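Undergrad: Could you have a look at this structure, given as structure tokens, before my questions?
The values are calculated or read from the model by the stated rules, or taken from the named source; none is laboratory data. Because the structure is a prediction, the values reported are computed rather than measured. No Cβ is skipped: glycine too gets one built from the backbone with ideal geometry, and neighbour counts run over all protein chains shown.
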Amino acid sequence: MTVHKYGIIMNGVTGRMGTRQHLIRSILAIREQGGIHLENGDTIMPDPILVGRNENKLKALSEEHQIERWTTDLTEALSDEYNQIYFDAQTTSRRAEAIKQAIEAGKHIYCEKPTDTTLQGSLELAKLAEDAGVKNGVVQDKLFLPGVMKLKRLIEAGFFGQILSVRMEFGYWVFEGDWQEGQRPSWNYKQEEGGGIIVDMFPHWRYVLDHLFGSVKAVSCTAATHITKRVDEEGYEYEATADDAAYGTFELENDVIAQVNSSWAVRVNRDDLLTIQVDGTEGSAVAGLRGCKTQHRVNTPKPVWNPDLENTIKFQDQWAEVPNNTLFENAFKIQWELFFKHVHQNDLFPWDLLEGARGTQLSDLGLQSSKERRWLDVPELSVKEVGKHANIN
């Protein structure tokens, strides 16, 4: 049995998501379980080096989790041949340039999304990675959530019959920062810093819709900035220049209609922060982050509209929970393990930088649709067209 060590440059993991999901719940969890065990008896063992701009944060994070390697010098980390993988969880506006530097250094690329703030930039990254021959992947964590995996199981089993429509509700109230601290960083609400809920969330909706229900063919979107004044981390009031809510309708292949509401200015009155309702001819389901419930056609109640009478049907009681039937691990960790296997033994990994570009494409079209107040078709993207779209020689 051979242990294959992989040095991983982890850039931008001092933030909440990077620390919690990628470092602790993924990389450190893989190390604690003894690595990733392969069928031939070998093991893949990740060895992280933390990179960031704040020396104090890096030092504190490294000491807390007994990580020996950290640096504020990205160039130095990239120059070390031991480090074979570059991971980026920085703010969106900083990501593209660092990834370009890593590609030039010959590193395999794994990164958060959006990969860039524009389609041109995202396509350029995909093209550069392809030309350099480095393996690459983009985090698409929601595909590996227990609730979404249960939903996929239902689709593959033919539970829905013909799928008719999808309704997704995402969001929660993000405090303005005055009387209670906001749960999201202030740059999320500044267009000039790459913020906005469309840029942040439409890449998620693209891969969820594409991989579960069918390719997105057209989009109509209305963006809004409901909360126009917020208070930043230093206590200063600022003008919110980016959208904090988006109301989208998507036409998918096979005539499926998807309605997706995304908002950081909504108070939650549903089972989870994200719910996905799928209605089909044979049955319906509602999935959250971890759970999924179904209602088959034979169990569907028969309400009659009559506002003069008290409703006697307890609609919420008419649904059955989909059992776990398996052990669901952390969604980020699952995809990390798949990416390691892709790098080490070329296992299939379809969630590459081109997939990331498709997410950015939907963000761009959503913003354009809102600005122009009209439906827009979603053109197909392929690797062969990357140079043309990105204006690269």
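Undergrad: Look through D272, D279 and report the one residue that is in a loop (DSSP other than H, G, I, E, B) and surrounded by 13 or more Cβ atoms within 10 Å (Cβ to Cβ).
TA: Working: D279 fails: in a loop (DSSP other than H, G, I, E, B).
Going through D272, D279 in turn, the sole match is D272.
Yes/no per residue for (1) part of a loop (DSSP other than H, G, I, E, B); (2) touching a residue at least 40 places away in the same chain (Cβ under 8 Å):
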residue	(1), (2)
R290	yes, yes
T294	no, yes
N306	yes, no
L309	yes, no
D317	no, no
N324	yes, yes
F332	no, yes
Q335	no, yes
H342	no, yes
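Undergrad: Please count how many residues of region 344-354 are in contact with a Gly (Cβ under 8 Å, 6 or more places away or on another chain) and in a loop (DSSP other than H, G, I, E, B).
TA: Of the residues in region 344-354, the ones in contact with a Gly (Cβ under 8 Å, 6 or more places away or on another chain) are 349, 351-353.
In the following step, the residues that additionally are in a loop (DSSP other than H, G, I, E, B) were identified as 349, 351-352.
The number of residues fulfilling the criteria is 3.
Undergrad: Quick test for you: out of A218, A223, pick the one residue that is surrounded by fewer than 20 Cβ atoms within 10 Å (Cβ to Cβ), touching a strand residue (DSSP E or B) at 6+ places or on another chain (Cβ under 7 Å) and either touching a residue at least 60 places away in the same chain (Cβ under 8 Å) or of a type outside the set (A, V, I, L, M) (or both).
TA: Numbers: A223 fails: surrounded by fewer than 20 Cβ atoms within 10 Å (Cβ to Cβ).
After ruling out the rest, the residue left standing is A218.
Undergrad: Is at least one residue of region 239-253 closer than 20 Å to E355 by Cβ and loosely packed, with under 14 Cβ neighbours inside 10 Å?
TA: Looking through region 239-253, at least one residue is closer than 20 Å to E355 by Cβ and loosely packed, with under 14 Cβ neighbours inside 10 Å.
Undergrad: Scanning region 254-269 for residues that are under 26 Å from W319 (Cα atoms) and in contact with a helix residue (DSSP H, G or I) (Cβ under 7 Å, 6 or more places away or on another chain), which turns out surrounded by the most Cβ atoms within 10 Å (Cβ to Cβ)?
TA: Filtering region 254-269 for residues that are under 26 Å from W319 (Cα atoms) and in contact with a helix residue (DSSP H, G or I) (Cβ under 7 Å, 6 or more places away or on another chain), the one surrounded by the most Cβ atoms within 10 Å (Cβ to Cβ) comes out as S262.
Undergrad: Also, quick follow-up: Restricting attention to region 287-312, and to residues there that are more than 32 Å from the chain's Cα centre (by Cα) and within 30 Å of M149 (Cα to Cα), which single residue is surrounded by the fewest Cβ atoms within 10 Å (Cβ to Cβ)? Even if it seems obvious, please write down each step before you answer.
TA: Of the residues in region 287-312, the ones more than 32 Å from the chain's Cα centre (by Cα) are 297-312.
Then keep just the ones that are within 30 Å of M149 (Cα to Cα); that gives 297-302.
Numbers: R297: 11, V298: 7, N299: 12, T300: 11, P301: 10, K302: 5.
By that ranking, first place goes to K302.
Undergrad: List the number of the failed condition for Q120; all other conditions in (1) surrounded by fewer than 23 Cβ atoms within 10 Å (Cβ to Cβ); (2) part of a helix (DSSP H, G or I); (3) under 18 Å from the mean Cα position of the chain (by Cα) hold.
TA: Here Q120 meets the rest and fails (3).
Undergrad: Ok, one more. Name the residue that is farthest from L274 (Cα to Cα), counting only residues in region 160-199 that are under 16 Å from the mean Cα position of the chain (by Cα) and β-branched (V, I, T).
TA: V199
Undergrad: Tell me, yes or no, whether region 369-381 has at least one residue that is in a helix (DSSP H, G or I) and either touching a helix residue (DSSP H, G or I) at 6+ places or on another chain (Cβ under 7 Å) or in the same structural domain as A246 (by the TED database) (or both). Break it down stepwise before answering.
TA: We begin by selecting, within region 369-381, every residue in a helix (DSSP H, G or I); these are 369-372.
After this cut, where a residue has to be either touching a helix residue (DSSP H, G or I) at 6+ places or on another chain (Cβ under 7 Å) or in the same structural domain as A246 (by the TED database) (or both) as well, the list is none.
No; the residues of region 369-381 include none that is in a helix (DSSP H, G or I) and either touching a helix residue (DSSP H, G or I) at 6+ places or on another chain (Cβ under 7 Å) or in the same structural domain as A246 (by the TED database) (or both).
Yes or no, residue by residue, for (1) of a type in the set (A, V, I, L, M); (2) farther than 16 Å from H204 by Cα; (3) at pLDDT 95 or above:
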| position | (1), (2), (3) |
| --- | --- |
| A357 | yes, no, yes |
| R373 | no, yes, yes |
| D377 | no, yes, yes |
| G387 | no, yes, no |
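Undergrad: Which of the numbered conditions does H211 fail, given that it passes all the others? Conditions: (1) at positive phi; (2) assigned to a helix (DSSP H, G or I).
TA: (1)
Undergrad: Kindly indicate whether W187 is buried (at least 19 other Cβ atoms within 10 Å of the Cβ), of a type outside the set (A, V, I, L, M) and in a helix (DSSP H, G or I). Reasoning before the result, please.
TA: Working: buried (at least 19 other Cβ atoms within 10 Å of the Cβ): no; of a type outside the set (A, V, I, L, M): yes; in a helix (DSSP H, G or I): yes.
Answer is no for this residue.
Undergrad: If you don't mind, there's one more thing I want to ask. Does A105 satisfy the criteria of being in the same structural domain as N83 (by the TED database) and buried (at least 22 other Cβ atoms within 10 Å of the Cβ)? Quick ask: steps written out before the conclusion?
TA: Values: in the same structural domain as N83 (by the TED database): yes; buried (at least 22 other Cβ atoms within 10 Å of the Cβ): no.
Taking the combined requirement at face value, the residue does not satisfy it.
Undergrad: Can I ask one more? Check whether at least one residue in region 116-123 is within 25 Å of Q259 (Cα to Cα), modelled with pLDDT of 95 or more and among the aliphatic types (A, V, I, L, M), and report yes or no.
TA: No, because not a single residue in region 116-123 is within 25 Å of Q259 (Cα to Cα), modelled with pLDDT of 95 or more and among the aliphatic types (A, V, I, L, M).
Undergrad: If you check V231 against the conditions, is it in contact (Cβ under 8 Å) with a residue 60 or more places away in the chain and not polar (S, T, N, Q)?
TA: Values: in contact (Cβ under 8 Å) with a residue 60 or more places away in the chain: no; not polar (S, T, N, Q): yes.
Against the criterion (in contact (Cβ under 8 Å) with a residue 60 or more places away in the chain and not polar (S, T, N, Q)), V231 does not qualify.
Undergrad: Then there is this: Determine whether F328 is in a strand (DSSP E or B), of a type in the set (F, W, Y) and touching a Leu at 6+ places or on another chain (Cβ under 9 Å). Explain how you work it out, then say what you get.
TA: Working: in a strand (DSSP E or B): no; of a type in the set (F, W, Y): yes; touching a Leu at 6+ places or on another chain (Cβ under 9 Å): yes.
Against the criterion (in a strand (DSSP E or B), of a type in the set (F, W, Y) and touching a Leu at 6+ places or on another chain (Cβ under 9 Å)), F328 does not qualify.
Undergrad: Condition (residue is under 26 Å from T91 (Cα atoms), of a type in the set (V, I, T) and either exposed (fewer than 15 other Cβ atoms within 10 Å of the Cβ) or not assigned by the TED database to the domain that holds Q101 (or both)) applied to region 166-173: is it met by at least one residue? Break it down stepwise before answering.
TA: Filtering region 166-173 for residues under 26 Å from T91 (Cα atoms) gives 168-173.
After this cut, where a residue has to be of a type in the set (V, I, T) as well, the list is none.
Within region 166-173, not a single residue is under 26 Å from T91 (Cα atoms), of a type in the set (V, I, T) and either exposed (fewer than 15 other Cβ atoms within 10 Å of the Cβ) or not assigned by the TED database to the domain that holds Q101 (or both).
Undergrad: T222 fails exactly one of the following numbered conditions: (1) under 20 Å from F160 (Cβ atoms); (2) over 18 Å from the mean Cα position of the chain (by Cα). What is the number of that condition?
TA: Exception for T222: condition (1).
Every residue, every condition in (1) touching a Pro at 6+ places or on another chain (Cβ under 9 Å); (2) of a type in the set (D, E); (3) assigned by the TED database to the domain that holds R20; (4) free of Cβ contacts under 8 Å to residues at least 60 places away in the same chain, yes or no:
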| site | (1), (2), (3), (4) |
| --- | --- |
| I44 | no, no, yes, no |
| N54 | no, no, yes, yes |
| D73 | no, yes, yes, yes |
| T91 | yes, no, yes, no |
| Y110 | no, no, yes, no |
| K127 | no, no, yes, no |
